[in-house]
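Take a look at the structure set out below.
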């Protein structure tokens, strides 16, 4: 049974805020997953015909740059104004208006401009929303928060499946459904979350800085470890179907989607258990170390696989380990950032680990797979995860 606010000690944040915040974070995923993976490619295809792949690549590149800069900029702006909520509200409204307005776009150029504007508006919401958790969730609950954040990718994928149900809605109506879903998921924490004040998490004139157990080296290690795991995760997400078909040509896109769904579904309870365990034993970095290490093991198994069953088993191990890693890492990052007055900006810099891999991964894959095959790529990615494991182990030992 879930604990109620009355059951929570004064030093901890209320269960209501934690669960509603997790819902809002999932709303952020719902805002971009169905649009960027399905709805946007459909619209680009309608305009660009045979050049749809190249156009989508250029759009994704421009959008990623805009998202990265906006996340840093609006995180910094919410630091300067010492208020997150106005930015979150404004970003929610503007991004909703822009995604619905894409129904009226009548040229490819306008669509790409609208895409960049939408990315900027969306990150006006996402940047301050991420920092808001750092303002109100104490270290003793960051593992649990990380577990709750595992709902975000799962619900993002589920929303993509829902809005594309045949016969549910026409293409234009799907955009409206996405906007309504996002508002329904983000607004409850804004209206009813009522987080308890956590003055120990906010910097004042009396607050010593930096907090113990933090420093630039630790922050850099956390950033690099996430970047390495994200590169591996991005490569697998993009090319898993092609690899499955290199083993068995009968594999369909639906088979691959089912494997993704299994991984996302199982990762939620696993991340919650790992987060609770890390909180109770005050072991914030141990699940991250294990996640990176097990991810490397899964990739080695995939590199050695000579049949589909072994390959799927290796991917499930990798997918579960890295999904838990990424969810818990997002929360534990808040632990190592030493300055509350720059929390939004610093989280924006950490967000680069989400966008930079999308710029690295295609070139890495194109350079290796045609010459050396997928096995060589997986072994290289396993090395990246193993390095992340070692980096996190050195933090754990400090």
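Here, each number is a calculation from the coordinates, and none is a lab measurement. These numbers come from a predicted model, not from an experiment. Ideal geometry is used to build each Cβ from the backbone, glycine not excepted, and the neighbour counts take in all protein chains shown.
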All alpha-carbon distances of the stretch 298-398, grouped into 5 Å bins from 0, give the whole-percent distribution 2, 10, 15, 20, 20, 14, 9, 6, 3, 1, 0
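With a 10 Å Cβ neighbour count serving as the proxy for reagent exposure, in which order, fewest first, do 90, 218 appear?
Going from least to most buried by this count: 90, 218.
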Would you mind listing how long the chain runs along its three principal axes, going by Cα atoms, in whole Å with the largest first? 62, 49, 40
Theoretical ellipticity at 222 nm over the chain - DSSP helices of four or more residues, -39500 (n - 2.57) apiece, nearest 500: -27000 deg cm²/dmol
I'd like to compare 126-138, 148-160: which one has the highest average count of other Cβ atoms within 10 Å, and what's the full order after that? 126-138, 148-160
Taking the Cβ of each residue in 255, 307, 172 as the centre, tally the other Cβ atoms inside 10 Å and list the residues starting with the fewest. 307, 172, 255
Among 182, 105, 297, whose mean-square fluctuation peaks in a Gaussian network model of the chain (Cα, cutoff 10 Å)? 105
The stretch 216-397 pair-distance distribution - Cα-Cα, 5 Å bins, rounded %: 1, 8, 17, 20, 20, 15, 9, 6, 3, 1, 0
Please list the radius of gyration and Dmax for the stretch 55-201, considering alpha-carbon atoms only, with Å as the unit. 16.8, 52
